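One structure below.
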Amino acid sequence: KAGVTQTPRYLIKTRGQQVTLSCSPISGHRSVSWYQQTPGQGLQFLFEYFSETQRNKGNFPGRFSGRQFSNSRSEMNVSTLELGDSALYLCASSLGSGRPNSPLHFGNGTRLTVT
Amino acid sequence: AQKITQTQPGMFVQEKEAVTLDCTYDTSDPSYGLFWYKQPSSGEMIFLIYQGSYDQQNATEGRYSLNFQKARKSANLVISASQLGDSAMYFCAMREGQEFADSWGKFQFGAGTQVVVTP
């Protein structure tokens, strides 16, 4: 079974630009979550989607948005990039059955550098 | 408020020795799941082991075991017979939620513990 696929692996953008990251979950997984990881802040939750609906949201500004498509694939968009947005962005999928025992399965991440 | 606390920022362990990584959590929800993840320097997050709040026995997966002390809200990971490939950052995580409920909480991660295995 193919794992979680994130594209692209690396991105370099300029401050003020916008960026879209893509995530394809494991087949059969209906929940997709996004995390931002930085050395200073650790793993921070961005949002979670299940069946095309946002189910949970972290404490990030409105510049960070996401969506999920009918095939469970998800995209995350960051507008008006700031230097502080430089991070590893991790996508994770899970069955999302409502059971707390359903683990997250992570992709390899997209490393975003804002200059 | 921080819900997952990992008090050990880093530790060294000799090859073939056992190591215990501490994790305490805070929740008032009777139903929750506890997870441990490993993140090598390459960046991918690898799921290691799961413990449910209603599980009577401690979870084990190969060389990984989880020392679950519910009253103390503690879920320590024990890695037996450490190998050089165990060098990584380890994260404890929790998800609150009711089984089969329509809504459930987000995953919450601790700050992580960096483990370095030495020959």
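Does residue B:62 count as within 10 Å of chain A (Cβ to nearest Cβ), more than 25 Å from residue A:41 (Cβ to Cβ) and surrounded by fewer than 17 Cβ atoms within 10 Å (Cβ to Cβ)? When the stated conditions are applied, residue B:62 does not pass them. Among the numbered conditions (1) within 25 Å of residue A:58 (Cα to Cα); (2) within 13 Å of chain A (Cβ to nearest Cβ), the only one that residue B:55 does not meet is (1).
With respect to the stated conditions, residue A:52 is away from chain B (no Cβ under 14 Å) and at pLDDT below 95. Here is a check on your reading of the model: is residue B:105 open to solvent by less than 10 Å² (accessible area, probe 1.4 Å) and within 11 Å of chain A (Cβ to nearest Cβ)? Against the criterion (open to solvent by less than 10 Å² (accessible area, probe 1.4 Å) and within 11 Å of chain A (Cβ to nearest Cβ)), residue B:105 does not qualify. Within region A:55-70, the residues that satisfy the criterion of being under 21 Å from residue A:18 (Cα atoms) and either surrounded by fewer than 22 Cβ atoms within 10 Å (Cβ to Cβ) or over 14 Å from the mean Cα position of the chain (by Cα) (or both) are A:57, A:58, A:59, A:60, A:61, A:62, A:63, A:64, A:65, A:67, A:69. Take the conditions (1) over 17 Å from residue B:32 (Cα atoms); (2) open to solvent by 10 Å² or more (accessible area, probe 1.4 Å); (3) within 7 Å of chain A (Cβ to nearest Cβ); residue B:112 misses just one of them, which is (2). For region A:73-95, a residue qualifies if it is open to solvent by 10 Å² or more (accessible area, probe 1.4 Å), over 16 Å from residue A:9 (Cα atoms) and either free of Cβ contacts under 8 Å to residues at least 60 places away in the same chain or not small (Gly, Ala, Ser) (or both), and the qualifying residues are A:73, A:80, A:82, A:83, A:84, A:95.
The residues listed here are A:16, A:40; of these, the one that is surrounded by fewer than 16 Cβ atoms within 10 Å (Cβ to Cβ), free of Cβ contacts under 8 Å to residues at least 60 places away in the same chain and either out of contact with any Gly (no Cβ under 8 Å at 6 or more places or on another chain) or within 11 Å of another protein chain (Cβ to nearest Cβ) (or both) is A:40.
The values are calculated or read from the model by the stated rules, or taken from the named source; none is laboratory data. Fair warning: this is a prediction, and the values are worked out from it, not measured in the lab. Heads up, the Cβs are rebuilt from the backbone with ideal geometry, glycines too, and the neighbour counts pull from every protein chain shown. For the accessible areas, the whole protein counts, side chains as well, though only heavy atoms, and no ligand, DNA or RNA atoms are used. Shrake-Rupley method; radii C 1.70, N 1.55, O 1.52, S 1.80 Å.
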